[in-house]
Amino acid sequence: MLLPPSRDVRRPRTGPALLPVHAPPSWDSASTRAVLERCLDLWRRYEAQTVDPAVSPHDDMLVDTPEGRAHYRDVGLSALRLITEAMLLTGRTDPGRILDLPCGGGRVTRHLVKFFPEAEVAVADLDARKVADVVAQFGVTEIAGSKDFSAPLPGAYDLIFVGSLVTHFDAPLFARAVNVMIDALAPGGVLVLTSAGRNWAALSRTEDRDKGLVPLRWWRAARALLGGPKGSDRLRVLEDDYARHGFGYTEVRSWTRLYGQSYGGSYAAPSWLMRLVEEREDALVIGLKERGFDNLLDATLIQRAR
């Protein structure tokens with residue numbers, strides 16, 4: 001039996017956790033230059049290679065037009081830019097274990113395996129067909145995880161990239177997923193989390209920017225999320241929950257039936273997400289970039305304290 005999503009988007013809080021006191025890292029000119037040079041080396045090596053252009057027939061994020069293929073590629077590149085910015089902020093440039101969650105049909109995975117060829121890349125997705133295609137095409141490893149994040153993720157990762165995932169969760173599942181992801185980081189590891197913030201909320205008052213760049217069935221689902229032609233459901237969420245508390249959620253019933261749990265679209269203001277992360281004493285917010293992923297979703301960079 002499916003339980004309705006919680007309407008209490010404010011979440012009971014214990015208050016901000018105090019961070020452990022540590023000596024500040026040493027950032028002299030030589031170490032800074034070494035990080036910059038390493039990032040340049042990674043980009044030069046990546047650009048000297050060819051990213052596999054083949055797209056799985058199960059990948060529903062590609063519109064097979066010149067514009068759609070360019071957009072598909074640019075989304076993957078925007079992920080690499082965010083990861084590079086995380087490396088510059090932390091000085092950690094050689095992740096040994098990487099998790100791409102959800103991997104979809106490999107839109108980001110295909111870039112990760114070229115950018116970090118020495119790393120062990122793991123993937124997961126609710127769609128087993130997509131995972132099988134990505135594992136076969138890119139030689140990565142599949143991991144098993146609970147779709148409702150009621151269990152820990154297996155392993156410890158130096159980098160976790162999360163594309164559009166929590167953008168579909170209600171507040172309790174969103175919070176639980178973020179905490180499970182942070183728990184899965186190795187000490188010093190970084191979570192790159194994308195979420196729908198103020199930019200997405202503004203677009204919702206008009207229409208989604210990606211019309212013509214994403215498949216028609218996803219566009220129709222996005223229109224369903226608007227609550228019909230007048231967009232009454234989404235506007236209610238914007239003007240009530242999101243405006244008052246910084247978080248809003250609208251369920252898409254067809255997605256809920258498909259995934260067996262409440263699934264739809266959420267808005268998370270940066271302030272709401274910061275309150276979530278600051279409850280942990282082992283998590284450092286190292287960056288927030290609004291519209292950082294595909295010039296659409298916000299990107300929050302979170303590091304596991306050592």
(request) Step through the residues of region 43-52 one at a time and calculate ³J(HN,Hα) from phi using the Karplus curve (6.51 cos²θ - 1.76 cosθ + 1.60, θ = phi - 60°), rounding each to whole Hz and writing x for Gly and Pro. (result) 5, 4, 5, 4, 6, 7, 9, 10, 6, 4
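For region 146-191, which whole percent of the accessible surface, found with a 1.4 angstrom probe, sits on carbon and sulfur atoms?
Details: 750 of 1230 Å².
On region 146-191, the fraction of accessible area on carbon and sulfur atoms equals 61 percent.
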(request) Find out how many positive minus negative residues lie around G139, taking Lys and Arg as positive, Asp and Glu as negative, among other residues whose Cβ is under 14 Å from that of G139. (result) -4
(request) Collect residues whose amide H, placed 1.01 Å from N in the peptide plane, falls under 5 Å from the amide H of E142; neighbours closer than 5 in sequence don't count. (result) V123
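Using the Cβ atoms and a cut-off under 14 Å, what net charge is assigned to the surroundings of D158, where Lys and Arg are +1 and Asp and Glu are -1?
Details: positive: R92, R97, R304, R306; negative: D94, D100, E118, E120.
Once positives and negatives cancel, what remains is 0.
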(request) Search the structure for amide H atoms under 5 Å from the amide H of L288, placed 1.01 Å from N in the peptide plane, and list their residues when 5 or more places away or on another chain. (result) L301
(request) Under 1.5 on a/c is rounded, so check that first for region 64-111, then, if it is not, pick prolate when a/b is larger than b/c and oblate when it is not; a ≥ b ≥ c are the square roots of the alpha carbon gyration tensor eigenvalues. (result) oblate
(message) Please list 3J(HN,Hα) in residue order for region 65-72, calculated via the Karplus relation 6.51 cos²θ - 1.76 cosθ + 1.60 where θ = phi - 60°; whole Hz, with x for glycine and proline.
(response) 10, x, 5, x, 5, 5, 5, 4
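Given a 1.4 Å probe, how much area per residue of region 82-195 is accessible, in Å²? Walk me through the intermediate numbers first.
Details: 3570 Å² over 114 residues.
Per residue, region 82-195 has 31 Å² of solvent-accessible surface.
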(message) Keeping all protein chains in place and using 1.4 angstrom, which order do E85, E37 fall into by accessible surface area, from largest down?
(response) E37, E85
(message) Please report the accessible area of W27 (heavy atoms, 1.4 Å probe, ligands and nucleic acids excluded) in Å², nearest 10.
(response) 120
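Give the shape of region 60-218 as rounded, prolate or oblate, defined through the alpha-carbon gyration tensor: a ≥ b ≥ c are the square roots of its eigenvalues, a/c under 1.5 means rounded, and otherwise the shape is prolate if a/b is larger than b/c and oblate if not. Could the numbers behind the result be given before it?
Values: a/c = 1.42, a/b = 1.24, b/c = 1.14.
Rounded, since a/c falls under 1.5.
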(request) Using a 1.4 Å probe and ignoring any ligands, DNA or RNA, find the accessible area of Y263 and quote it in Å² to the nearest 10. (result) 20
(request) Enter the accessible area of D64 (Å², nearest 10), with the probe set to 1.4 Å and all protein chains included. (result) 110
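In terms of the Cα gyration tensor, with a ≥ b ≥ c the square roots of its eigenvalues, is region 262-306 rounded because a/c is under 1.5, prolate because a/b exceeds b/c, or oblate?
On the way: a/c = 2.29, a/b = 1.43, b/c = 1.60.
Cα axes put region 262-306 in the oblate bin.
Taking all protein chains in place and a 1.4 Å probe, what share, in percent, of the accessible surface of region 241-306 do carbon and sulfur account for?
Working: 1230 of 2730 Å².
Carbon and sulfur together cover 45 percent of it.
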(request) Starting at the first residue of region 153-169, write each ³J(HN,Hα) from the Karplus equation 6.51 cos²θ - 1.76 cosθ + 1.60 with θ = phi - 60°, in whole Hz, x for Gly and Pro. (result) 6, x, x, 10, 10, 7, 8, 10, 9, 10, x, 6, 10, 5, 4, 10, 9
(request) At a 1.4 Å probe radius, which order do W272, W200 fall into by accessible area, largest first? (result) W200, W272
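The values are calculated or read from the model by the stated rules, or taken from the named source; none is laboratory data. On a predicted model such as this, the values are computed, not experimentally measured, just so you know. Heads up, the Cβs are rebuilt from the backbone with ideal geometry, glycines too, and the neighbour counts pull from every protein chain shown. Keep in mind that these areas ignore ligands, DNA and RNA; they rest on the heavy atoms of the full protein, side chains included. Shrake-Rupley method; radii C 1.70, N 1.55, O 1.52, S 1.80 Å.
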